[in-house]
Amino acid sequence: MTTNESTAIDSPVDSPADTPVPAHSKEYVHEHTPRLDWHAQAPEVFKAMVRLDAAARKGVDPVILELVKIRASQINHCALCVDMHSKDALAAGESVERIIQLSAWEESQHFYTAKEVAAIALTEAITVLTDGFVPDEVYDKAAALFEEQELTQLIAAITVINAWNRFGVSTRQVPGHYKAGDHK
């Protein structure tokens with residue numbers, strides 16, 4: 001499906017006038033068009049981001065990596081990245097339940113390990129800087145659970161997903177077309 005095609009399913013608009021439309025039919029809102037193809041307009045920036053992403057993920061537990069990417073993307077309202085990283089996490093064996101609970105992780109910490117909770121909290125603190133610096137309590141908890149090198153890489157990975165999110169939301173990239181593993 002291209003970005004200009006409708007995602008309508010069993011749309012009454014597409015049905016002939018004399019054909020009854022099933023009661024379960026829904027007409028979905030049309031998919032928006034991206035503002036611009038930033039990959040094509042800034043290919044060197046895109047390539048640099050890909051290299052930065054690859055460097056940042058080294059040494060970070062892949063499960064934690066996808067959890068923080070999903071959580072940062074939720075906070076930043078980057079639908080493309082929520083779609084992409086949820087699909088990648090599911091393909092890697094993550095449970096639907098843990099992905100769903102991520103948006104309310106503070107009330108459902110029992111779904112995650114202590115290390116995952118610390119990473120998610122650190123993700124929120126790094127992503128939402130409007131209240132000031134990353135709180136010492138959040139940083140200290142992560143520092144107690146991660147080796148220094150791993151913590152450094154985690155901070156880099158959180159920083160990189162936030163950069164990707166900013167490209168995604170500012171250019172209105174379209175979710176729904178990504179297949180798990182497309183960009184690994």
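At-a-glance table
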| read-out | value |
| --- | --- |
| Rounded if a/c under 1.5, otherwise prolate or oblate - the stretch 30-85, Cα gyration tensor axes | oblate |
| Principal axis box of the stretch 48-184, alpha-carbon based, largest edge first, Å | 39, 32, 28 |
| Vicinal HN-Hα couplings computed from phi for the stretch 47-60 (Karplus, 6.51 cos²θ - 1.76 cosθ + 1.60; Hz; Gly/Pro x) | 4, 5, 5, 4, 5, 5, 4, 4, 5, 5, 6, 4, x, 9 |
| Global form of the stretch 69-136, assessed from the alpha-carbon gyration tensor, a/c cut-off 1.5 | oblate |
| Derived scalar couplings ³J(HN,Hα) [the stretch 61-75; Karplus, 6.51 cos²θ - 1.76 cosθ + 1.60; whole Hz; x for Gly, Pro] | 3, x, 5, 4, 4, 5, 4, 5, 5, 5, 5, 4, 5, 4, 4 |
| Ranked packing of 105-116, 159-170, most packed first, by mean Cβ within 10 Å | 159-170, 105-116 |
| Greater than 26 Å apart at Cα, pairs in LYS47/LYS87; LYS26/LYS69; LYS58/LYS87; LYS58/LYS179 | LYS26/LYS69 |
| Ranked by how many other beta carbons lie within 10 Å on average, peptides 58-65, 120-127 from highest | 120-127, 58-65 |
| Approximate spin-label separation ALA163-LYS58, in nm, with each point projected 7 Å along Cα-to-Cβ | 1.5 nm |
| Largest to smallest accessible area among ASP88, ASP182 [probe 1.4 Å] | ASP182, ASP88 |
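The values are calculated or read from the model by the stated rules, or taken from the named source; none is laboratory data. Remember, predicted model here, so these are calculated numbers, not experimental data. Virtual Cβ from ideal backbone geometry, glycine too; neighbours counted across all protein chains shown. All accessible areas refer to the heavy atoms of the entire protein, side chains included, with ligands and DNA or RNA removed. Shrake-Rupley method; radii C 1.70, N 1.55, O 1.52, S 1.80 Å.
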